[in-house]
Amino acid sequence: MNKPHRGTIFVEDASILAHDAFAGEQYILRVHAPRCAQSAKPGSFAHIQCDPLLPLRRPLSIMRADPRAGWVEFLYKAVGEGTRLLAHRAVGETLSIMGPIGKPFQPHGDRPLALLLGGGVGIPPMVFLASMLRTNPVYQPVMFMGSEAPFPFRTRPSGIMLPGMPDGVIATMPLLEDWGVPCRLTSLSDFPGCHEGYVTDLARLWLDALEGPARHRVEIFACGPHPMLEACARLAVEYHVPCQVSLEEFMACAVGGCAGCVVEIRTDQGPAMKRVCVDGPVFDAKTVF
């Protein structure tokens with residue numbers, strides 16, 4: 001049987017171009033992996049060998065990719081054995097990476113107001129999606145990010161107005177600001193310029209500030225912890241807008257062979273078990289929650 005992902009996943013020896021540490025044991029890793037960079041899409045990920053002595057790879061969402069320069073960039077947090085070993089890898093060393101893997105986000109032109117919601121290590125796919133949408137004049141992306149750890153960048157006040165934002169909620173990601181993508185940050189950690197609450201709180205304020213017809217042009221895209229994605233799905237139902245979510249699950253093979261990352265999905269034919277790695281990680285929110 002022909003597999004839809006066959007011939008699209010590459011294994012490369014990728015040299016580390018940059019590896020920067022940030023507060024909260026967060027790291028941004030850039031590697032030279034031209035075949036992965038050429039085919040990567042927002043929502044896809046790579047399966048990375050963190051250390052030669054560690055057999056199992058670790059899945060990391062792709063945050064940015066430059067097909068011309070041939071590099072791929074990841075944001076990750078050192079939380080277990082694999083990512084802690086990865087954190088010690090240095091510029092010039094080589095990593096074995098397999099990617100890009102997974103079904104990406106699929107924006108729809110009839111819903112050009114793209115509301116991007118990223119939480120914690122769910123931020124990278126949203127940055128990648130914003131980078132793609134900003135180059136297409138059809139779309140108007142807006143992004144809200146949430147984190148309890150310090151953000152892995154130096155925030156700055158935004159000069160881009162956003163409807164519905166409370167006074168003082170002005171912190172943004174400089175990269176998105178430079179791209180002209182409106183962005184605001186939220187946290188429960190009392191960071192300056194950030195909204196005190198969740199990304200869905202800011203999303204609700206923004207949606208409430210839209211004129212009625214404008215809501216019919218909104219589509220939500222989200223990645224983050226499971227409770228956040230559930231909240232995003234409820235928000236989408238409440239405001240009658242479509243929502244795509246990228247799920248995070250533990251993976252062993254990441255290419256659909258081990259079936260260790262299956263989740264139950266609702267289909268027209270009834271419940272079905274789908275593999276997050278190759279059938280996802282992006283799903284229609286209403287089929288998951």
Can you find a residue in region 193-214 that is within 26 Å of Tyr27 (Cα to Cα), free of Cβ contacts under 8 Å to residues at least 40 places away in the same chain and over 21 Å from the mean Cα position of the chain (by Cα)?
yes
Tally time: how many residues in region 146-172 are assigned to a loop (DSSP other than H, G, I, E, B) and either of a type in the set (S, T, N, Q) or touching a Ser or Thr at 6+ places or on another chain (Cβ under 7 Å) (or both)?
5
Failed criterion for Ala149 (all others in (1) closer than 30 Å to Thr287 by Cβ; (2) more than 16 Å from the chain's Cα centre (by Cα); (3) at pLDDT below 95 hold):
(1)
Test: Glu25 is exposed (fewer than 15 other Cβ atoms within 10 Å of the Cβ), in contact (Cβ under 8 Å) with a residue 24 or more places away in the chain and either outside the structural domain of Thr135 (by TED's automatic domain parsing) or more than 17 Å from Pro281 (Cα to Cα) (or both)
yes
Region 5-43, residues that are part of a loop (DSSP other than H, G, I, E, B) and acidic (Asp, Glu):
Glu25
Of all residues in region 178-192, how many are within 13 Å of Phe151 (Cβ to Cβ) and either among the aliphatic types (A, V, I, L, M) or crowded, with 16+ Cβ neighbours inside 10 Å (or both)?
6
Could you tell me whether region 56-76 includes any residue that is of a type in the set (A, V, I, L, M), part of a loop (DSSP other than H, G, I, E, B) and under 19 Å from Ile123 (Cα atoms)?
no
Specify which of the listed residues (Ala233, Ala254) is of a type outside the set (Asp, Glu) and not assigned by TED's automatic domain parsing to the domain that holds Thr155.
Ala254
Scan region 220-236 and give yes if some residue there is surrounded by 15 or more Cβ atoms within 10 Å (Cβ to Cβ) and at positive phi, otherwise no.
yes
Only one of (1) touching a Lys or Arg at 6+ places or on another chain (Cβ under 6 Å); (2) at pLDDT below 95 does not apply to Glu211, and that is (1)
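The values are calculated or read from the model by the stated rules, or taken from the named source; none is laboratory data. Please read these numbers as outputs of a predicted model, since none were measured by experiment. Neighbour counts are summed over all protein chains in view; Cβ atoms, including those assigned to glycine, are modelled from backbone coordinates with ideal geometry.
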